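Presented below is the structure to which this report refers.
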Amino acid sequence: MTSAHTPSYPFRGTGAEVQAIEFAYTRSPDQDAAQPAQHPIVVVGAGPVGLSMAIDMAQRGHRVVVLDNDHRLSIGSRALCFSKRALEIWDRLGVGQPMVDKGVSWNLGKVFFHDKEVYQFNLLPEEGHERPAFINLQQYYCEAYLVERCLQLPGIEIRWDNKVTGVAPRGDGALLSIETPDGPYQIDADWVIACDGARSTMRGLMGLESKGRIFQDRFLIADVKMKADFPAERWFWFDPPFHPGQSVLLHREPDDVWRIDFQLGWDADPEEEKKPENIIPRVQALLGKDTEFTLEWASVYTFACLRMDSFVHGRVLFAGDCAHGVSPFGARGANSGVQDTDNLAWKLDWVLKGRAGTELLATYGPEREYAADENLLNSTRATDFITPKSEISRLFRDAALDLAREHPFARRIVNSGRLSVPAVLHQSPLNTPDADSFAGTQVPGAVLLDAPVRCNGHSGWLLRQLGMDFTLLVFGPVPAWAQGLPHVQALSIGQDIEDVQGLVAQRLDGQSGTAYLIRPDQHVCARWRTPTEAAVRAALATATVAATA
């Protein structure tokens with residue numbers, strides 16, 4: 001929690017300075033309480049997902065305690081690629097701009113087979129979006145900006161070196177046992193959000209497990225610092241001459257650092273492969289023996305596509321890698337975790353403020369489990385294509401790569417990792433089905449697309465005009481009855497918001513009188529050509545699992 005005595009940390013420093021930050025353990029008054037202290041929200045895990053959850057709830061006026069079993073930020077690039085959607089969420093949380101300022105923005109990717117380019121793709125081919133398709137940013141920078149934001153908000157207390165060792169759930173909360181350098185203590189939580197990663201202690205303590213596939217292949221990640229004129233693009237090689245029979249991925253990071261992923265095969269010894277004397281020859285084979293570079297960080301990982309059966313367990317809810325794990329090709333891990341919190345935070349907020357019952361919070365599970373299944377499907381398909389398990393599979397893959405040089409249809413078969421996009425929640429019970437005809441992709445369940453606008457004489461972006469609650473976007477004058485809708489901001493496209501390039505109307509198929517109801521997490525939940533007060537109130541009731549609105 002911020003105070004006059006909060007120490008100053010080099011959150012905007014060099015990579016070495018940021019990775020060297022250590023947060024002091026501080027004894028909490030809770031540790032001296034006669035009975036376990038009561039807290040409305042406890043977040044377990046101070047990674048990108050847990051910190052995003054804490055910031056979102058604090059900005060909505062709630063007190064949050066974050067427990068982390070360490071006292072440092074992550075080491076190495078780790079979750080490197082952050083998507084347009086994650087950036088849009090972080091814009092709302094007040095951290096998007098420093099991420100973009102420091103990160104390497106990119107939209108283009110190239111696929112190579114042997115030593116020749118097969119094709120290239122653009123993940124954001126159209127203009128009129130504030131954020132790029134992706135930025136590359138080392139995870140420690142991401143966490144640094146999130147911790148910095150937490151320290152600016154009075155409602156957040158991060159307790160470093162506080163390891164959860166026991167969970168006793170009950171109907172109205174959970175009792176947490178915590179180990180610290182000063183010994184154990186307990187706290188009572190009304191709601192617990194578990195965000196403690198793939199090796200989740202919380203999941204183990206509750207006797208829960210993730211199920212799925214572990215793929216028999218290993219990959220080496222190497223962060224290499226060098227001067228190079230490679231563009232800010234995603235380059236993926238299948239069976240290159242410098243690493244025959246395997247695949248390689250190259251990404252540019254800030255600070256003249258490059259991330260290289262080398263496929264190793266299942267028989268590789270992880271500890272041997274992490275040794276510099278074994279990494280350096282692989283990098284030299286890619287870059288050339290005369291290229292000067294230094295090795296900053298390395299890790300070996302195994303592909304796994306897993307998820308928990310359910311993300312909601314009474315008053316304990318799971319988000320991020322502890323709930324679902326995917327292989328890293330596709331950047332679907334941290335990005336989907338941040339989207340978990342975007343879905344969860346507004347629902348928990350409504351429950352805590354008495355606006356909705358726990359039935360609304362229960363929809364977090366089905367919605368984000370659906371999104372996780374989509375990510376797992378894409379990740380599994382990418383893994384099967386990248387690492388064929390039979391000679392027939394390899395022949396099929398190589399034939400598709402050969403055809404893709406000349407034939408666009410084959411490019412749809414090639415899979416070097418389908419990159420993260422937000423799930424369209426087609427089957428969500430919070431949606432109101434269309435009664436009218438619309439063109440385009442902005443169906444109920446889709447995330448609202450951004451577009452350039454002008455408000456009060458100033459240039460801006462559509463998503464930044466949305467509030468913390470529901471928004472009714474109306475093309476033309478806002479009906480008088482809309483001003484009385486509870487927890488709804490009504491905005492006119494044409495009066496409140498000027499559609500400067502016509503992209504809002506184009507993307508939403510907006511005609512005079514058309515209206516879209518947008519959830520607090522910026523998903524479309526209903527739309528009409530001629531809205532009525534009764535129809536909008538009914539859609540609000542559906543979107544909040546309420547009897548009336």
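The values are calculated or read from the model by the stated rules, or taken from the named source; none is laboratory data. Computed from a predicted model, the values in this text were never measured in an experiment. Ideal geometry is used to build each Cβ from the backbone, glycine not excepted, and the neighbour counts take in all protein chains shown. Calculation scope for accessible area: heavy atoms of the full protein, side chains included, ligands and nucleic acids excluded. Shrake-Rupley method; radii C 1.70, N 1.55, O 1.52, S 1.80 Å.
For every residue, the table says whether it meets (1) of a type in the set (Val, Ile, Thr); (2) under 24 Å from the mean Cα position of the chain (by Cα); (3) open to solvent by less than 50 Å² (accessible area, probe 1.4 Å).
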{"residue": "Ala198", "(1), (2), (3)": "no, yes, no"}
{"residue": "Lys211", "(1), (2), (3)": "no, yes, no"}
{"residue": "Phe219", "(1), (2), (3)": "no, yes, yes"}
{"residue": "Lys225", "(1), (2), (3)": "no, no, no"}
{"residue": "Glu271", "(1), (2), (3)": "no, no, no"}
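Among the candidates Phe409, Phe385, single out the residue that is part of a helix (DSSP H, G or I), buried (at least 21 other Cβ atoms within 10 Å of the Cβ) and among the aromatic types (Phe, Trp, Tyr). Before the answer, list the steps.
Details: Phe409 fails: buried (at least 21 other Cβ atoms within 10 Å of the Cβ).
Criteria check complete, one pass: Phe385.
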Exercise. Do we find a residue being surrounded by fewer than 18 Cβ atoms within 10 Å (Cβ to Cβ) and over 20 Å from the mean Cα position of the chain (by Cα) anywhere in region 92-106?
Worked result: no
Problem set entry | Any hit, region 118-141, residues being closer than 18 Å to Ile21 by Cα, in contact with a Phe, Trp or Tyr (Cβ under 9 Å, 6 or more places away or on another chain) and open to solvent by 30 Å² or more (accessible area, probe 1.4 Å) | no
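Return the total of residues in region 281-294 being touching a residue at least 12 places away in the same chain (Cβ under 8 Å) and within 17 Å of His243 (Cβ to Cβ).
Within region 281-294, the subset touching a residue at least 12 places away in the same chain (Cβ under 8 Å) is 282-283, 285-287, 291-294.
After this cut, where a residue has to be within 17 Å of His243 (Cβ to Cβ) as well, the list is 282-283, 285-287, 291, 293.
Qualifying residue count for the region: 7.
Just to check your reading of the model, which residue among Ile55, Ile75, Ile89 is of a type in the set (Val, Ile, Thr), surrounded by fewer than 19 Cβ atoms within 10 Å (Cβ to Cβ), touching a helix residue (DSSP H, G or I) at 6+ places or on another chain (Cβ under 8 Å) and not in a strand (DSSP E or B)?
Working: Ile55 fails: surrounded by fewer than 19 Cβ atoms within 10 Å (Cβ to Cβ); Ile89 fails: surrounded by fewer than 19 Cβ atoms within 10 Å (Cβ to Cβ).
Only one candidate passes the filter, namely Ile75.
Considering only residues that are among the β-branched types (Val, Ile, Thr) and in contact with a Lys or Arg (Cβ under 6 Å, 6 or more places away or on another chain), which ones fall in region 71-126? Break it down stepwise before answering.
Within region 71-126, the subset among the β-branched types (Val, Ile, Thr) is 75, 89, 95, 100, 104, 111, 118.
Of everything in region 71-126, those that are among the β-branched types (Val, Ile, Thr) and in contact with a Lys or Arg (Cβ under 6 Å, 6 or more places away or on another chain) turn out to be Val95, Val104, Val118.
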For this session: Could you grab the pairs with beta carbons closer than 6 Å, sequence gap of 6+ or different chains, first residue in region 143-162 and under 16 Å from His71 (Cα atoms) and of a type in the set (Phe, Trp, Tyr), second one open to solvent by 40 Å² or more (accessible area, probe 1.4 Å) and modelled with pLDDT of 95 or more?
Result: Trp160/Tyr25; Trp160/His71
Problem set entry | From Asp217, Asp229, Asp223, Asp256, residue being of a type in the set (Asp, Glu) and at positive phi | Asp256
For this session: Report the residue count in region 412-449 for those that are open to solvent by less than 80 Å² (accessible area, probe 1.4 Å), in contact with a helix residue (DSSP H, G or I) (Cβ under 7 Å, 6 or more places away or on another chain) and either under 19 Å from Lys84 (Cα atoms) or of a type in the set (Ser, Thr, Tyr) (or both).
Result: 12
For this session: Could you pull out the residue among Ala356, Ala372, Ala331 that is of a type outside the set (Ser, Thr, Tyr), at positive phi and either buried (at least 22 other Cβ atoms within 10 Å of the Cβ) or in contact with a helix residue (DSSP H, G or I) (Cβ under 6 Å, 6 or more places away or on another chain) (or both)?
Result: Ala331
Problem set entry | Sole exception among (1) touching a helix residue (DSSP H, G or I) at 6+ places or on another chain (Cβ under 8 Å); (2) modelled with pLDDT under 95; (3) more than 19 Å from Val224 (Cα to Cα); (4) aliphatic (A, V, I, L, M) for Val300, by number | (3)
Exercise. Which residues, taken from region 153-185, are of a type outside the set (A, V, I, L, M), touching a Gly at 6+ places or on another chain (Cβ under 8 Å) and at pLDDT 95 or above?
Worked result: Gly155, Pro169, Ser177
Seminar exercise, completed: Exactly one of Pro520, Pro531 is closer than 15 Å to Trp346 by Cα and either buried (at least 18 other Cβ atoms within 10 Å of the Cβ) or modelled with pLDDT of 95 or more (or both), and that residue is Pro520
Exercise. Mind checking whether some residue in region 475-482 is under 30 Å from the mean Cα position of the chain (by Cα) and under 25 Å from Glu88 (Cα atoms)?
Worked result: no
